[in-house]
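The block underneath contains the structure these notes are about, expressed in structure tokens.
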Amino acid sequence: MLPWKRVLRPLTALLLTTAVVLVPATTTAHAADARPSAGWNDYSCKPSAAHPRPVVLVHGTFGNSVDNWLGLAPYLKNRGYCVFSLDYGQLPGVPFFHGLGPVDKSAGQLAAYVDKVLTATGAAETDIVGHSQGGMMPRYYLKFLGGADEVNALVGIAPSNHGTTLSGLTNLLPYFPGVEDLLTEETPALTDQVVGSDVLTKLNEGGDTVPGVRYTVLATRYDEVVTPYRSQYLSGPGVRNVLLQDLCPLDVSEHLAIGLFDRIAFHEVANALDPARATPTTCASVLG
């Protein structure tokens with residue numbers, strides 16, 4: 001075994017174990033928040049005439065279906081949407097922290113979940129809102145797994161659409177033999193999101209978008225995870241790329257905050273889901 005493998009294998013295990021130990025005590029309690037009594041993942045919810053499509057929330061890497069959406073899910077539910085969220089990309093023996101499996105396999109999980117939501121709600125289409133990997137991975141479903149027939153809009157919050165350099169750190173991988181192979185073996189989703197990965201090359205070949213789907217990308221210039229932040233933007237018909245600081249220069253949210261509790265971003269998500277009733281997003285939207 002290469003020296004770096006001897007160091008990184010236990011380090012990866014330690015990182016995941018530490019994360020589980022340090023997860024807030026309320027995480028287990030949060031699982032209850034995803035029950036119908038909390039207002040989302042209620043399979044008896046029927047979309048209204050005002051909001052005829054259920055919204056499926058797709059968490060990011062190391063996220064889960066509850067903690068990633070404790071801010072946005074109630075925000076949308078309170079505005080009359082049927083809201084659902086799934087767990088995907090689970091690794092054996094790793095609780096709470098998901099989105100680590102191969103992107104193509106995760107896209108298959110999303111496809112099955114959307115079918116479940118559409119069957120339960122009776123809707124013909126859904127809208128998808130995803131954070132980080134959760135904003136990129138659904139594009140695989142749209143492009144290769146028939147999702148374009150079931151999805152009206154995709155809203156990506158800090159999505160890894162063209163991969164990340166992690167502020168240049170991924171450029172160092174060739175100097176440490178075996179590290180990339182180890183990451184691929186242990187946490188495939190991480191290497192799938194590195195700039196130039198096979199998955200991203202396949203995904204973006206021939207164009208970023210598919211016909212019939214509206215795309216919105218919400219980015220922050222302070223993103224330290226998906227870098228450079230402009231790599232999140234999409235090109236093609238039906239695309240709207242939004243930099244939050246163009247809407248509110250005072251917004252200093254970074255990669256996690258933009259998805260977890262940034263109500264300026266939330267307001268723009270609501271605009272993307274219902275453009276006919278959109279209202280200007282400003283710094284005052286934090287009060288909405």
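All of the numbers you see were taken from the coordinates with simple rules; none came from a lab. Treat the numbers as computed from the prediction; the structure is a model and nothing was measured.
Observations
- Listed by chain and number, the lysines whose alpha-carbon sits under 29 Å from that of LYS143, ignoring those within fewer than 8 places in the same chain, are LYS46, LYS77, LYS105, LYS116, LYS202.
- Global geometry of the range 94-169, whether rounded, prolate or oblate, following the gyration tensor of its Cα atoms and the 1.5 cut on a/c: prolate
- Whether the range 213-276 is rounded, prolate or oblate, judged on the alpha carbon gyration tensor where a/c under 1.5 counts as rounded: oblate
- Here the Karplus curve 6.51 cos²θ - 1.76 cosθ + 1.60, taken at θ = phi - 60°, turns the phi angles of the range 219-226 into couplings of 10, 10, 5, 9, 5, 10, 9, 9 Hz, with x standing for Gly and Pro.
- Between the C-alpha center of the range 35-78 and that of the range 266-288 there is a gap of 17 Å.
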